[in-house]
Amino acid sequence: MKDTLIAPSILAADFANLQRDIEMVNSSEADWFHIDIMDGVFVPNISFGMPVLKAISKHAKKTIDVHLMIVDPDRYIKTFAQLGANVLTVHYEACTHLHRTLQAIKAEGMQAGVALNPHTPVSLLEDIIEDIDLVCIMSVNPGFGGQSFIQNTYQKVAALKELITRKGANTQIEIDGGVTNKNAKALKEAGADVLVAGSYVFGAQNPTATIAGLKELIS
């Protein structure tokens, strides 16, 4: 079983000391940067946009995993590629023509991800799973950090893993929301490939040691 990746969520970083927190992730055992872009329409919160992502890209030395919680994401696919996104994830619920959106993301040289809200079943990806590089399962309701983990996530991961295996796809499974040392190992065992951790990492007294502890749990 390959190592599960850790992707600290920059939404939980200290925006007054953003470069410091980016350098911390660079020098830690974390694998990816997870960047949440919110528009205040698709989710009831606004995070940050292109200028902040551009600043992060300037300093980040690891994979940049951008999660778009916005309506009509197709408008910005090319822009996010130009800003340095390596993985671009759109919400199933925000895309009228999901297959076309995934093709457009890949055409810009990025990996294409699809996020599912807690109420959205994985069975809806049956016909398209082979075209998806990463499925992001929301284990909290999208929009705000620091929420409690939804327990049904384990069953959802197992169902998604079964679908991926049955279809012979190479899709990675990412979990976003409420990830801590209490559930990281169980999520890996259920089939998770990438764990997004925000408040748990950046709210810790020693974020570097917290990331190392998570890595040890899931290695």
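No value in this document is a laboratory result; all are computed from the given coordinates. As the structure is a computational prediction, the values presented were derived from the model and not from experiment. Using ideal geometry, Cβ is built from the backbone for each residue, glycine included, and neighbour counts are taken over all protein chains shown.
The table below gives the values:
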{"read-out": "Hits in region 1-38 (condition: in a loop (DSSP other than H, G, I, E, B) and among the charged types (D, E, K, R))", "value": "K2, D3, D14, E29, D31"}
{"read-out": "Exclusive hit being in a loop (DSSP other than H, G, I, E, B) and closer than 30 Å to K78 by Cβ, set T180, T120", "value": "T120"}
{"read-out": "Single unsatisfied condition, K156 versus (1) within 23 Å of D39 (Cα to Cα); (2) touching a Leu at 6+ places or on another chain (Cβ under 9 Å)", "value": "(1)"}
{"read-out": "Answer residue from region 130-158, given it is in contact with a helix residue (DSSP H, G or I) (Cβ under 8 Å, 6 or more places away or on another chain), under 11 Å from I175 (Cβ atoms) and not β-branched (V, I, T) and is surrounded by the fewest Cβ atoms within 10 Å (Cβ to Cβ) among those", "value": "Y154"}
{"read-out": "Hey, A94 closer than 30 Å to N152 by Cβ, of a type in the set (A, V, I, L, M, F, W, C), touching a His at 6+ places or on another chain (Cβ under 7 Å) and surrounded by 17 or more Cβ atoms within 10 Å (Cβ to Cβ) or not", "value": "no"}
{"read-out": "Every residue from region 1-39 that is small (G, A, S) and touching a residue at least 40 places away in the same chain (Cβ under 8 Å)", "value": "A7, S9, A12, A13, S27, S28, A30"}
{"read-out": "Hey, M69 touching a residue at least 60 places away in the same chain (Cβ under 8 Å), in contact with a Phe, Trp or Tyr (Cβ under 6 Å, 6 or more places away or on another chain) and of a type in the set (A, V, I, L, M, F, W, C) or not", "value": "yes"}
